[in-house]
1. How do A:ASP101, A:ASP181 rank when sorted from fewest to most other Cβ atoms within 10 Å of their own Cβ?
2. For region B:250-345, what is the convex hull (Cα atoms) projected area averaged across all directions, in square nanometres?
3. Given a cut-off of under 8 Å on Cα pairs at least six residues apart, what relative contact order in percent is computed for region A:7-245?
4. Given R₀ = 45 Å, FRET efficiency for B:ARG324-A:LEU146 by Cβ-Cβ distance, to 0.05?
5. In debye to the nearest 20, how big a dipole does region B:250-345 give about its Cα centre with +1 on each Lys and Arg Cβ and -1 on each Asp and Glu Cβ?
6. Can you compute the modelled spin-label distance between A:GLU130 and B:GLU304, with each label point 7 Å from Cα toward Cβ, in nm?
7. Plugging the Kirkwood radius over Cα pairs into Stokes-Einstein for region B:116-231, at a temperature of 10 °C and a viscosity of 1.306 mPa s, what D comes out in µm²/s?
8. Need one number: nm distance between label points at A:GLU71 and B:SER61, each 7 Å from Cα along Cα→Cβ, rounded to one decimal.
Amino acid sequence: MSDMTNREVLLSLRNVEISFDNGGKEKFKAVQDANFDIYKGETFALVGESGSGKTTIGRAIMRINPLSNGEITFEGNRISGKLSKQEDMNVIRNIQMIFQDPAASLNERATIEYIISEGLYNFHLYENEEDRIAKVDKALEEVGLLPEHKSRYPHEFSGGQRQRVGIARALIMEPKLIVADEPISALDVSIRAQVLNLMNKLKAEKSLTYLFIAHDLSVVRFIADRVAVIHLGRIVEIAETEELFAHPLHPYTISLLSAVPMPDPIIEKQREPIVYTETVAEKTGPDYEMREIRPGHYVYCTPEQGIEYYNTSMNQ
Amino acid sequence: MKNIVISAKDIEVQFRVRDNYLTAIRNVSLDLYEGETFAIVGESGSGKSVFTKTFTGMLESNGKITNGSVMYHGQDLTKLTKEKDWAGIRGVKIATIFQDPMTSLNPIRTIGSQITEVIEKHQKLSKADAKKQAIEIMERVGITNAAERFDNYPFQYSGGMRQRIVIAIALSCHPEILICDEPTTALDVTIQAQIIKLIKDLQKELGFTTIYITHDLGVVANVADRVGVMYGGQIIEYGTVEEIFYDPKHPYTWALLSALPQLGVKGEDLYYITGTPPSLYNKIKGDAFAPRNPHALKIDFEQEPPFFRVSDTHYAKTWLLDPRAPKLEKPEAIQNLHEKITRMTSKGGAFHVGHD
């Protein structure tokens, strides 16, 4: 990992709060005070369990969920809140999404050619028919599919191939950022490996940046450069991947790590899950904030806990 | 040797799909021993769920057992055709927990009524006694304030709690065999660890035999005494959990283990399997895995391999074990697996969580 200070920020979240009206007097805050930067060319993972707000953040970046507070900027320009049509189009082009379930996210009545071309049609990103087809063929090739797949329908493909179509559809827009929301969770083990390898290959070839949303730390360790752990709408820890795994500090992160099943019967049968039961209410207050405990390693805690975490990290 | 609880022999299952026949299970045999946990691992479409559905007569209506027997207490379960024949077996002696607890529970009835219904029906208890027993069993599966939560509806429970209720219902008749069909796949990782522990604790206490169906080898390492690996409608390798993880013999087992992200090295490609699983509409010739197997021999495409014996407990269906076959090492990623994982989980390793 290169020096952090020299890196260019691509996407930035500042004090982001996202709330939903649940019919009651109090709105439900799905995400509270989220702050992080995603640097150009990195894979930034957002890890948490269902209901933690990780997908909500992803959707807010895609401008699907409005913010109730805070700001999101992309290349220095605000992309949250009201935008002009031109700005909106710009965001859509530059930030693309890959979804969890490739069967549900592809139009089953459209051919692969149409599915992949749709973004090109909407933005008139092709000179003529020949150019459009050449672009589709290139996108297919990049994800390891063949030109003759163009005329087929999604149901004719396996799960891994469908996810490749989803990736090709995002790639053809030549985005700068791809938000990948649990892109391998619905796939079989052997297929997962293919998709992860493909994402890594494309990142290197096209200097892409990913926001990788996941619940599984074992996948995150393999694919991410930096990780943010989110629990019940609050980011509780951010660090570079190696640092986070070497020095997990927040008790929730430790609980998540202890729950990763290891493929070794002797070891796995001895491992005990560490249960984390504290609620946000118990873990929040005026003294709580994101504190830098080690270089580039932030934990949501009080000053006293910060010292405790620092001491722990020296013994890890 | 322990007693055999249930014994499947040469099971073949076919589904009629429009005018075609799909052979989902191709001559699978399995003996389950009393009190053990047998894990069946495989990818979607390998037949792991379909196979165990023959133990409870729960095949979809277009499916049929076309060969073989499932012997249970002297009775061949494949011969049961009427619903009432299954009454004393399915849900009573052989219970199943499914993947999604929301679809196993009735959304418009209270949790309590769904548990007492089963107890009243099978144990012929009074309403009051059934309620008492239901609350006891709710507490046993880890529901706090069970008496208060008795009248809640499923939507008022979290996913993990719902799965605890499904387990409570499954165990309320003290089954001899519990089939867990991907019981934690729909749950969060930390909840998954708790549910797995609950099932193991209950098994220790109540002594039932467990069949654990999963695609996750990490879970298998945790729960299983023995493991069967399924591919293309067959068990292709089985053995004790240690034999399958530390000394796997079938190239498909190698591939499944090697593809685990836990074993991935950052910056390098993760091991992956090319191609797709075989179509079960066609007759499979030779070893079903051969077209995807980089180590495939000529004979793999021609003739189905028999089970070769590795040890008294370990068998694998691959020509690589034939004395005439070339000697092959398993992939680098899974060599010295125990040493690797030990490093990862001890101090300084990526998956060390630090109690010391």
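1. With the fewest neighbours first, A:ASP101, A:ASP181 line up as A:ASP101, A:ASP181.
2. 7.9
3. For region A:7-245, the relative contact order is 28 percent.
4. 0.75
5. For region B:250-345, the charge dipole is close to 80 debye.
6. 5.4
7. For the chosen part, D equals 105 µm²/s.
8. 6.2
Taken together, the values in this text are just the output of simple stated rules run on the coordinates, not laboratory data. Computed from a predicted model, the values in this text were never measured in an experiment. Neighbour counts are summed over all protein chains in view; Cβ atoms, including those assigned to glycine, are modelled from backbone coordinates with ideal geometry.
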